[in-house]
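Below is one structure, written out as structure tokens; comments come after it.
None of the figures in this text is laboratory data; all of them are computed from the coordinates on show. Predicted model, so just to flag it, every value in this text is computed and none were measured. Glycine also receives a Cβ, built like all others from the backbone with ideal geometry; neighbour counts cover every protein chain displayed.
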Amino acid sequence: MLYSPQAHDRLIEDEWDPDRVRASIREIVQDAEDSFDDGWPTHPQDSDGGIDGEPRFRTVYMGGAGVVRALDSLQSRGLAELRRAHVPYLQMHYEPDFPDEDHERSLWMGETGIRLVLQRLSPSQENADRLVQLIAGNAEDERCELMWGSPGTMLAAAAMHDLTGEARWLELWRDSAAWLRNEWDQQTDCGRSTCTGSLTSSLARRTGSRATS
């Protein structure tokens, strides 16, 4: 179900009030920062059961790196003032959220997304070089889609090129694009490789619940 009425507030007839909106954003940000404890609690729709004992995800799609990116974006727009430094959280040793998957290079579900957020907040040569390894290693991933495959890491390469202007990121993007173009079958209008066959049933449930919430 794409729309669940009970998950949304009803529209009101009051006129648009920017100050009220900004105040609400600040309240949400404060709640997010107050809830931080080595990450954020698992959303019930991303849980296999009870919340107790559930991992606190760190990736962009379902975890803390995505929250940090959103908080930083709000602050950069002058809509929030963060009280907590989140760089140490992003710098923690990478432990996979989904160890049963080929996870490491994924933008949404792996190390690439975490490091991209870290590079935005606290750029370093070491982190950038690791991103190069991850993006290059994903250029010919058979999952030709955004979540796991090279279309996702192409976005990371493009973001890094925007941030730095360095030619190496453009070359990484072009390498992935060339492989994807070669994989495309114009007769069937789809890629020759299988995109979703490697998903475990557990992960399929998690990502499915998020996609339909």
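A few points about this structure:
- Q30 meets each of the listed conditions (1) closer than 21 Å to I114 by Cα; (2) surrounded by 14 or more Cβ atoms within 10 Å (Cβ to Cβ) apart from (1).
- First in the stretch 65-91 and of a type in the set (V, I, T), second anywhere and surrounded by fewer than 18 Cβ atoms within 10 Å (Cβ to Cβ) and assigned to a helix (DSSP H, G or I), Cβ under 9 Å, 6 or more apart: V68/V87; V68/L121; V87/L121
- Filter pass, G66 being in a loop (DSSP other than H, G, I, E, B) and within 20 Å of A32 (Cα to Cα): no
- Scan of the stretch 105-125 for residues that are in a loop (DSSP other than H, G, I, E, B) and either basic (K, R) or more than 15 Å from M154 (Cα to Cα) (or both), ordered by number: R105, S122, P123, S124
- The set of residues in the stretch 148-178 being crowded, with 18+ Cβ neighbours inside 10 Å and either assigned to a loop (DSSP other than H, G, I, E, B) or in contact (Cβ under 8 Å) with a residue 60 or more places away in the chain (or both) consists of W148, G149.
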